[in-house]
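Following: one structure in C-alpha cells, then a few remarks.
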Amino acid sequence: MDSEKRSFKCRQCGTCCRWTGHVLLEPADIARLAAAAKLTEEAFIARYTALAANRRQLSLADAPDGSCVLLESGRCALYDARPAQCRDFPHGWRVAEGCPALDELNKTSSV
Ligand code: SF4
C-alpha cells in the first residue's frame, strides 16, 4: 500500500465523496477547513459537522443525498484544505473498487 500511496494521484472526480461512511475530523482539520471557508471554527462546526459514530469526535456532515456536505458541483469545495483522512486516501480506507485513479493503479500494477 505504501508504493500505491506514493504513486496515487487523485483525479478529483468526487466519487469517494459519495460513498457511505464518515470522514473523521481532527482539530487541525477543523482549523484548516474553517480558515479555507472563511468561517470561525465554531461556525464551521455548526454548519458542516456532526457528532461521529464513535461519539468522541466530529465528522463531516452528510448532504441530504448522503454525499459529503463539502461536495459542490461534483468536487470538493475545500479540496486544498481537505481533512487528513481524505488526503491519506487510499491508505487506511476499506476500498475494493470504484475510484478510477486506484482502479487504474491496480490494473497497471497487476500486469
Ligand atoms: S474516487 Fe478517487 S479519483 Fe475520485 S475523488 Fe475520490 S480519491 Fe479522487
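The values are calculated or read from the model by the stated rules, or taken from the named source; none is laboratory data. Note that the structure is a prediction, hence the values are computed from the model and not measured. Positions of Cβ are generated from backbone atoms using ideal geometry, with glycine treated the same way; all protein chains shown enter the neighbour counts.
Assorted remarks:
- The combined condition, being within 17 Å of Q12 (Cβ to Cβ), without any contact (Cβ under 8 Å) to a residue 60 or more places away in the chain and not hydroxyl-bearing (S, T, Y), is not fulfilled by L39.
- Residue among R11, R47, R82, R94 that is among the basic types (K, R), at pLDDT 95 or above and within 15 Å of the chain's Cα centre (by Cα): R82
- Residue in the stretch 20-40 that is farthest from G98 (Cα to Cα), counting only those that are surrounded by fewer than 15 Cβ atoms within 10 Å (Cβ to Cβ) and modelled with pLDDT of 95 or more: T40
- Beta carbons closer than 9 Å, at least 6 apart along the sequence or on distinct chains, pair a first residue in the stretch 6-17 that is polar (S, T, N, Q) with a second that is more than 6 Å from the ligand (Cβ to nearest atom) for S7/L105; S7/S109; Q12/G74; Q12/R75; Q12/C76; Q12/Y79; T15/G98.
- A63 satisfies every condition listed in (1) within 13 Å of the chain's Cα centre (by Cα); (2) surrounded by fewer than 17 Cβ atoms within 10 Å (Cβ to Cβ); (3) modelled with pLDDT of 95 or more; (4) more than 10 Å from the ligand (Cβ to nearest atom) except (1).
- The residues of the stretch 14-29 that are β-branched (V, I, T) and touching a helix residue (DSSP H, G or I) at 6+ places or on another chain (Cβ under 9 Å), listed by number, are T15, V23.
- Selection of the stretch 78-96 for residues being away from the ligand (no atom under 12 Å from the Cβ) and free of Cβ contacts under 8 Å to residues at least 40 places away in the same chain yields G92, R94, A96.
- Put simply, of R32, R47, R94, R56 the only residue that is under 30 Å from S109 (Cα atoms) and of a type in the set (K, R) is R94.
- C99 within 13 Å of the ligand (Cβ to nearest atom), surrounded by 18 or more Cβ atoms within 10 Å (Cβ to Cβ) and closer than 14 Å to K9 by Cα: yes
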